[in-house]
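Comments concern the structure below.
The values are calculated or read from the model by the stated rules, or taken from the named source; none is laboratory data. As the structure is a computational prediction, the values presented were derived from the model and not from experiment. Neighbour counts run over all protein chains shown; Cβ positions are idealised from the backbone, glycine included. The accessibility values were calculated without ligands, DNA or RNA, using every heavy atom of the protein model including side chains. Shrake-Rupley method; radii C 1.70, N 1.55, O 1.52, S 1.80 Å.
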Amino acid sequence: MIPATFDYIRAGSVEEAVAALTEHGDEAKLLAGGHSLLPLMKLRLASPEVLIDLGRVDALRGVCELDDGRLSIGAMTAHQDVIDNDLVRQHCGVLADVTRQVGDAQVRHRGTIGGALAHGDAASDLPAALLALDGTVVVQGPSGQREIAAADLFVDYLATSISDDEVITEVRVPKFDGSWGWNYQKFSRVAQAWAIVGSLGLVKRSNGNVEEARVGLTHMGTVPLRATAVEQALAGAAIDGIADAAEHAAEGTSAPTDLNATSEFREHLARVLTKRALTAAAG
Amino acid sequence: MTSVQMNVDGETHSDEVEPRLLLVHYLREFLGKTGTNVGCDTSNCGACTVHLDGRSVKSCTVLAVQADGGDIDTIEGLAEFSSNGDEEAGWHPLQRAFHTEHGLQCGYCTPGMIMAAKDLLSENPDPTEDEVRHGLEGNLCRCTGYVNIVKAVRTAAAEMRGDKVDTEVGA
Ligand SMILES: Cc1cc2nc3c(=O)[nH]c(=O)nc-3n(C[C@H](O)[C@H](O)[C@H](O)COP(=O)(O)OP(=O)(O)OC[C@H]3O[C@@H](n4cnc5c(N)ncnc54)[C@H](O)[C@@H]3O)c2cc1C
Ligand code: FES
Ligand code: FES
């Protein structure tokens, strides 16, 4: 399978990429790792007239610590480099652990954190993780930079609040040190596949109780979701309240029915996986 | 057309290519390196695995223009050339182990399996059976049932480390 023809622009900087996006409008698409976009182009489900390759923009790779204590991860950092990064491992191990479950080794060598979030697929693992971590993305457009909270980023099926002329430059996540535990339960049919349902549980413990709990759900709607009813039920509760709280995991979701699962089965999975994830996170 | 230059199996190549040309087609059709196979063409099977700057990638999901300036290693560059005409003497330990452990039947997945395994062993020279299975999850084999592939990778790993291990694996 061969993509339709397109003009190829290799951006040397974010400014060049923004200028090319501004010039070519909605005929153009950014190319990061290409592991969502190229398969779509080969199937001719996408046929952009212009591809703007971010591969040479080295400033978009790597991880640093911000003055406010959060971590900043360059949008073009490959999944494997997020997993291997010392700052991420030390301060946001949850992000490394979720990223380790994305695709397979070859996919993790090419796919990028920025591409995965910009693609905005509710079935992929990182959008729900960013939502549960209360992370943000920084985008740059013709009129400068803005920071978008994960809660405002994912607006509909494969749709984000990033404009056509904006480039994600950074992904920002708070540190999850000390008393936080986490676990990501990804249920899929074969090893490398997308989640039929995924549940990321984070638990902050204090004196044997749950001080705060977070739950991010993958593939339970057109956008990634937080299981807010579970989070509320657990705030300040005893750890043995997890099983009861997890019964609320499917509330407020709109799980799709497809060849892999009915929406009822997905709701069941959300409850079971959330219980397992939170139990492991609190353990 | 866009100019690309890359080092493939130790030789530099420069060509004018269409931006939509996939790396695997560049290797097979421009350079005649047909050792790298196309299996699924949908980014799933890993038959097209090569190394780009030292890391395993699915070359059906990389544009040749993205690989410009890069170092590519394919299955064709794996064996050492042996001047005495004994081709097998130059085989890489992985090639030898896939042969002796019967790690292939039709052989279609083998170039990709070996290139993925080589990257895995560079990260983890002594993988458990589980680690081999997890490390090769991006490579599908429709013939062997994987048992002998896992065995072959662990046998090669032992040879590359210079020791002997028990490579018995469960069915
Ligand atoms: C076989 C296979 C299995 C996979 N399995 C999983 C899985 O289990 N879980 C999972 O989460 N993902 C999975 N993926 C997807 C993978 O993680 C992709 O790498 C990721 O979704 C997209 O990242 P990319 O860098 O490849 O983006 P690209 O494909 O290059 O781009 C994706 C989209 O984002 C836009 N974009 C890219 N970068 C930016 C930017 N900086 N700013 C603004 N827009 C941008 C592009 O224009 C495009 O629309 C899999 C992919 C494959 C091929
Ligand atoms: S041919 Fe490239 S992954 Fe199957
Ligand atoms: S040996 Fe036939 S596909 Fe693996």
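Here are the numbers for the structure shown:
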| item | result |
| --- | --- |
| Charge dipole magnitude, Cβ of K and R +1, D and E -1 - the protein assembly as shown, Cα centre, debye nearest 20 | 1100 debye |
| Amide hydrogen neighbours beyond the local backbone of B:Asn124, cut-off 5 Å, H modeled | none |
| Value of [θ]222 nm, deg cm²/dmol, for the protein assembly as shown, DSSP H segments ≥ 4, -39500 (n - 2.57) each, nearest 500 | -8500 deg cm²/dmol |
| Accessible surface, chain B, averaged per residue in Å² (probe 1.4 Å) | 45 Å² |
| Hz values of 3J(HN,Hα) by residue in segment A:126-140 - Karplus curve (6.51, -1.76, 1.60), Gly and Pro given as x | 6, x, 5, 5, 4, 5, 5, 7, 6, x, 9, 10, 9, 10, 10 |
| Between 0 and 90°, nearest 10: helix B:147-161 axis offset from chain B longest Cα axis | 90 degrees |
| Electrostatic dipole magnitude of segment B:26-171 [Cβ: Lys, Arg +1; Asp, Glu -1; Cα centre; debye, to 20] | 360 debye |
| Backbone N under 17 Å from the A:Leu87 label point (7 Å along Cα→Cβ), restricted to segment A:120-157 | A:135-139 |
| Accessible surface buried upon A-B contact (total; probe 1.4 Å; Å², nearest 100) | 2600 Å² |
| Net charge of neighbours whose Cβ lies under 12 Å from the Cβ of A:Asp152, counting Lys and Arg as +1 and Asp and Glu as -1 | -1 |
| For the protein assembly as shown: rounded, prolate or oblate by the Cα gyration tensor [a/c cutoff 1.5] | oblate |
| HN-Hα J in Hz across segment A:37-42 - Karplus 6.51, -1.76, 1.60, θ = phi - 60°, x for Gly and Pro | 6, 5, x, 5, 5, 5 |
| Interface residues, segment B:114-138 - accessible area loss of 40 Å² or more versus chain alone, probe 1.4 Å | B:Glu137 |
| Long-range HN-HN contacts of B:Val62 with modeled amide H, under 5 Å | B:Leu23, B:Val24 |
| Within-10-Å neighbourhood charge of A:Ala4 [Cβ basis; K, R +1; D, E -1] | +2 |
| Chain A: relative contact order in percent, alpha carbon pairs under 8 Å with at least 6 residues between | 15 percent |
| Highest to lowest packing among B:133-144, B:86-97, scored as the average C-beta count within 10 Å | B:133-144, B:86-97 |
| With Cα atoms, 0 to 90° folded angle of helix A:14-24 axis to chain A main axis | 70 degrees |
| Per-residue HN-Hα couplings for segment A:153-165 [Karplus 6.51, -1.76, 1.60; θ = phi - 60°; Hz; x = Gly/Pro] | 8, 9, 10, 6, 3, 6, 10, 10, 8, 7, 6, 4, 9 |
| Helix B:110-123 vs. chain B, principal-axis angle (Cα, 0 to 90°, nearest 10) | 80 degrees |
| Net charge over other residues, Cβ less than 15 angstrom from the Cβ of B:Asp73 (K, R count +1; D, E count -1) | -3 |
| Rounded, prolate or oblate (a/c below 1.5 giving rounded, otherwise prolate when a/b exceeds b/c) for segment A:181-281 by Cα gyration tensor | prolate |
| Interface residues, segment A:94-110 - accessible area loss of 50 Å² or more versus chain alone, probe 1.4 Å | A:Gln106, A:His109, A:Arg110 |
| Separation in nanometres of the label points that stand 7 Å from Cα toward Cβ, at A:Ala280 and B:Glu18 | 4.6 nm |
| Amide H contacts of A:Thr218 (H built 1.01 Å from N, under 5 Å, at least 5 apart or other chain) | A:Gly198, A:Ser199, A:Leu200 |
| Ranked by how many other beta carbons lie within 10 Å on average, peptides B:116-127, A:208-219 from highest | A:208-219, B:116-127 |
| Anisotropy class of segment A:1-146 from Cα gyration tensor, a/c 1.5 cut | oblate |
